[in-house]
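Engineer: Attaching a single structure in structure tokens format; questions to follow.
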Amino acid sequence: METIVMIKQVPDTTEIRIDPSTGNLIREGIESIINPDDRHAIEAALQIKEKLGGSIIAICMGPSQAIDAISEALGFGVDRGILLTDKCFAGADTWATSFTLGRAVEKINNYDLIICGQQAIDGDTAQVGPQLAEYLHIPQITYVKGIKEITEKKIVAKRLVESGYEIIGCGLPALLTVVRELNKTRFPRFDWLIDACNKRAPIEIWNAADLGVKAYQVGLQGSFTNVISTYTPTFKRRGEILEGDSQRMVEDLLTRLEENHLV
Amino acid sequence: MLRSNVEELIKKCAIRFVDSQIRPLARKWDENKQYPLENMKKFAELGLLGLRIPKQYGGSGRGLFDAVIVLEQIAKADASTAVNLHVQLNASPLYIMLYSGEEVKKKFLPALVSGKVLFSMAQTEPEVGSNLTELRTLARSEGSHYVVNGTKSMITMGANADVHLVYLRFDDDSIGCLLLEKDTEGFSVGKSEDFLGMRGLGSAELVFQDCQVPEENVLLKGPGSLRKMLTMFNGTRVGLASISLGIAEAAFEEALRYSKLRTVSGKPLIALQGLQWKLADMAVNVEAMKHLVYSAAQDTKLNGFPDQFTSSAARIVASEGAVKITNMAMDIFGGYGYSKELSIERYLRDARGMIYVGGTTDILRNAIGAYLYKKNV
């Protein structure tokens with residue numbers, strides 16, 4: 001089983017600061033981590049490898065410091081890492097990201113399964129996985145919370161939906177996006193982390209030329225969407241007074257609780 | 001070629017592991033005087049026990065500085081766990097690496113890496129303390145083995161280790177050390193210590209009554225052995241210093257955080273100049289400790305080990321500095337710091353213990369004094 005895991009390096013905080021002039025995230029002074037959902041994607045790949053054998057490649061697109069995400073992936077037991085880094089990849093929207101990742105997958109040209117985290121904590125779009133599957137013309141199962149069956153040829157997975165879950169199967173190759181309920185992640189091994197820092201470690205760095213793409217196809221130039229403005233929402237406590245007799249007020253209260261899925 | 005910085009990566013991953021697996025349980029281990037065996041299993045699973053073991057025996061072959069980075073982070077949550085790991089990283093197995101035959105290396109080093117064998121380092125004796133030249137535990141030569149008799153006290157992991165590295169006197173009156181396995185006939189674990197702090201050390205008395213030890217388990221014996229052991233201590237001192245550094249950092253960081261949250265008369269504590277000065281002193285001390293410990297950890301001028309002055313200076317400044325800083329942290333927290341609900345009182349008890357673990361800081365002053373006495377000026 002040849003598995004590719006897509007990982008993203010994100011700031012380790014929910015208190016994200018945004019540059020008001022560019023609308024981009026300010027990463028300085030904030031520790032970077034592998035996106036939490038992507039750690040579950042790595043764990044899923046490791047468990048599949050432990051069951052069926054094969055190998056795992058982790059791909060990360062990002063600046064040069066994203067090498068740490070690749071090294072950490074190797075620390076978990078991933079066999080090979082590829083960092084996609086080039087100045088022209090910067091500022092990519094989900095389409096440009098999916099396209100760039102897709103070109104990397106095409107360059108690898110040998111895979112049975114692609115696993116992505118559901119979404120990244122910095123962008124929260126949940127679009128890159130599905131778009132990548134569309135680009136590659138392969139089936140996708142999103143929001144995977146359990147894998148019921150997997151063989152060299154097919155997969156049957158539990159997919160999280162609002163009212164519970166559904167069971168979906170498809171042939172391979174396919175792409176999964178996984179949610180954190182899928183598994184419990186492990187810690188990276190220190191000896192493998194150390195090996196990952198060695199110049200002989202199985203890590204490759206690919207740029208735009210390696211992927212055969214032009215600057216206008218990727219990054220900010222290749223993006224179909226533009227960030228017009230970004231701001232941190234302010235949350236204010238808002239009180240609401242229910243009126244009417246007791247029965248009416250209780251009914252209204254229950255309706256609101258139900259509407260907000262609180263009961 | 002683009003690669004991660006190994007020290008930074010180790011530190012980052014150690015922090016995450018410690019936050020998730022060690023910090024939440026540290027109070028329980030302290031309250032129950034519990035040796036946290038589960039940590040050692042986890043360290044083995046994560047390939048950490050082999051950090052300094054050569055690659056041919058399954059380890060990573062890294063040096064003292066990497067060990068210091070990991071120990072510092074672990075000590076920020078639980079100093080006892082850090083000392084237990086320190087013995088595995090910087091003490092007993094290094095003797096095997098440097099001074100045993102190939103068969104002994106093959107027997108014990110891969111077993112340590114996989115966590116099947118854990119070591120203690122048995123030096124202190126009830127009547128002579130940690131003075132190597134006066135050791136009374138005796139190894140008598142009898143054909144192809146030695147017969148060991150004596151008692152060791154306050155031995156870290158004494159009750160839990162599988163193999164004890166025992167410093168002793170041989171019947172030719174030379175000082176040396178050997179490996180004694182826990183299932184050796186005549187060996188027993190005596191009373192376990194009930195310390196004020198460092199309560200997860202598994203510290204206990206070891207008793208040897210006519211224990212037969214095979215000749216190949218002798219690591220050092222005869223001329224030059226004492227010098228080799230003293231050189232080894234230069235490394236262990238720095239490991240211990242990094243643990244004191246970790247305790248001090250934890251106390252300082254918690255005090256700083258608290259000083260910004262706690263308000264008095266509408267102002268946070270840190271707005272009060274008197275406390276600002278206290279916090280400033282803590283920050284300066286922590287920074288000085290860190291530089292001295294890191295510098296000693298990267299000093300390899302004595303056959304790969306730091307020298308006696310550098311390592312002793314690091315240990316004195318870090319161990320005594322940690323007592324000072326945990327005390328100041330308690331002042332910042334006031335009564336809450338004195339309560340067992342928070343970690344500050346544990347940090348203070350542990351910092352106090354680190355003055356004694358591995359030999360008192362006053363003994364190190366003797367060593368520095370002797371060094372200065374001989375030094376040409």
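Engineer: Which one of these is surrounded by 20 or more Cβ atoms within 10 Å (Cβ to Cβ), at pLDDT 95 or above and under 19 Å from B:MET229 (Cα atoms): B:ALA322, B:ALA296, B:ALA318?
Structural biologist: None of the other options fit; the residue is B:ALA296.
Engineer: While we're looking at this one, here's another question. Within region B:223-243, is even one residue over 30 Å from B:VAL18 (Cβ atoms), modelled with pLDDT under 95 and in a loop (DSSP other than H, G, I, E, B)?
Structural biologist: yes
Engineer: Give the residue that is farthest from B:TYR57 (Cα to Cα), with candidates limited to residues of region B:78-107 that are among the polar types (S, T, N, Q), away from every other protein chain (no Cβ under 14 Å) and crowded, with 24+ Cβ neighbours inside 10 Å.
Structural biologist: Step by step, filter region B:78-107, then rank; the result is B:SER80.
Engineer: Checking the structure you have, find out if any residue of region B:20-29 is assigned to a loop (DSSP other than H, G, I, E, B), hydrophobic (A, V, I, L, M, F, W, C), within 24 Å of A:PHE76 (Cβ to Cβ) and within 14 Å of chain A (Cβ to nearest Cβ).
Structural biologist: For region B:20-29, residues assigned to a loop (DSSP other than H, G, I, E, B), hydrophobic (A, V, I, L, M, F, W, C), within 24 Å of A:PHE76 (Cβ to Cβ) and within 14 Å of chain A (Cβ to nearest Cβ): absent.
Engineer: Right, another one. Out of (1) facing chain A (nearest Cβ under 9 Å); (2) closer than 24 Å to B:LEU220 by Cα, the odd one out for B:ALA14 is which?
Structural biologist: Only one criterion is unmet by B:ALA14, namely (2).
Listed here are the residues, each with its yes/no results for (1) part of a strand (DSSP E or B); (2) out of contact with any helix residue (DSSP H, G or I) (no Cβ under 6 Å at 6 or more places or on another chain); (3) closer than 30 Å to B:ALA75 by Cβ.
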| position | (1), (2), (3) |
| --- | --- |
| B:GLY150 | yes, yes, no |
| B:SER153 | yes, yes, yes |
| B:ALA159 | no, yes, yes |
| B:LEU165 | yes, no, yes |
| B:ASP173 | no, yes, no |
| B:GLY190 | yes, yes, yes |
| B:ARG199 | no, no, yes |
| B:VAL207 | yes, yes, no |
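Engineer: Additional query: In region B:10-21, how many residues are touching a Phe, Trp or Tyr at 6+ places or on another chain (Cβ under 9 Å) and surrounded by 15 or more Cβ atoms within 10 Å (Cβ to Cβ)?
Structural biologist: The qualifying residues number 6.
Engineer: For region A:226-263, give me the residue count where each residue is under 26 Å from the mean Cα position of the chain (by Cα) and surrounded by 10 or more Cβ atoms within 10 Å (Cβ to Cβ).
Structural biologist: Adding up the residues that qualify gives 2.
Engineer: Could I ask something else about it? Kindly list the number of the only condition in (1) within 19 Å of B:VAL238 (Cα to Cα); (2) within 14 Å of another protein chain (Cβ to nearest Cβ); (3) out of contact with any helix residue (DSSP H, G or I) (no Cβ under 7 Å at 6 or more places or on another chain) that fails for B:ALA122.
Structural biologist: It is condition (2) that B:ALA122 fails.
Engineer: Is it the case that A:THR142 is modelled with pLDDT of 95 or more, surrounded by 15 or more Cβ atoms within 10 Å (Cβ to Cβ) and under 17 Å from A:ALA58 (Cβ atoms)?
Structural biologist: Taking the combined requirement at face value, the residue does not satisfy it.
Engineer: What strands (runs of 3 or more DSSP E), lying completely within region A:152-235, carry at least 2 residues that are at pLDDT 95 or above and away from chain B (no Cβ under 14 Å)? Even if it seems obvious, please write down each step before you answer.
Structural biologist: On the way: elements: A:154-161, A:164-171, A:174-178, A:203-206.
Counting at least 2 such residues, we get A:154-161, A:164-171, A:174-178.
Engineer: On to the next question. Which one of B:GLY274, B:GLY246 is out of contact with any Gly (no Cβ under 8 Å at 6 or more places or on another chain) and either surrounded by fewer than 14 Cβ atoms within 10 Å (Cβ to Cβ) or among the aromatic types (Phe, Trp, Tyr) (or both)?
Structural biologist: Just one listed residue meets the conditions, B:GLY274.
Engineer: Another question, if that's okay. So which strands (runs of 3 or more DSSP E) stay within region A:37-117 end to end and still have 2 or more residues that are at pLDDT 95 or above, within 16 Å of the chain's Cα centre (by Cα) and more than 14 Å from every other protein chain (Cβ to nearest Cβ)? Let's see the steps before the verdict.
Structural biologist: On the way: elements: A:55-61, A:80-84, A:113-117.
Correct list: A:55-61, A:113-117.
Engineer: Now for a separate question. Filter region B:36-56 down to the residues that are more than 19 Å from B:GLY239 (Cβ to Cβ) and not charged (D, E, K, R), then identify the one that is nearest to the other protein chains (Cβ to nearest Cβ).
Structural biologist: B:GLN56
Engineer: Can you tell me which residues in region B:40-52 are part of a loop (DSSP other than H, G, I, E, B) and not basic (Lys, Arg)?
Structural biologist: Those that are part of a loop (DSSP other than H, G, I, E, B) and not basic (Lys, Arg): B:LEU46, B:GLY47, B:LEU48, B:LEU49, B:GLY50, B:LEU51.
Engineer: Determine, yes or no, whether B:SER4 is part of a loop (DSSP other than H, G, I, E, B) and within 13 Å of chain A (Cβ to nearest Cβ).
Structural biologist: The answer is yes for B:SER4.
Engineer: Let me ask you something else. Given the criteria within 14 Å of chain A (Cβ to nearest Cβ), crowded, with 21+ Cβ neighbours inside 10 Å and not hydroxyl-bearing (Ser, Thr, Tyr), does B:ALA75 qualify? It would help to see each step written out before you state the result.
Structural biologist: Working: within 14 Å of chain A (Cβ to nearest Cβ): no; crowded, with 21+ Cβ neighbours inside 10 Å: yes; not hydroxyl-bearing (Ser, Thr, Tyr): yes.
No.
The values are calculated or read from the model by the stated rules, or taken from the named source; none is laboratory data. Quantities reported herein were computed from a predicted structural model and do not represent experimental measurements. Methodologically, a virtual Cβ is constructed for each residue, glycine included, from the backbone with ideal geometry; neighbour enumeration extends over all protein chains shown.
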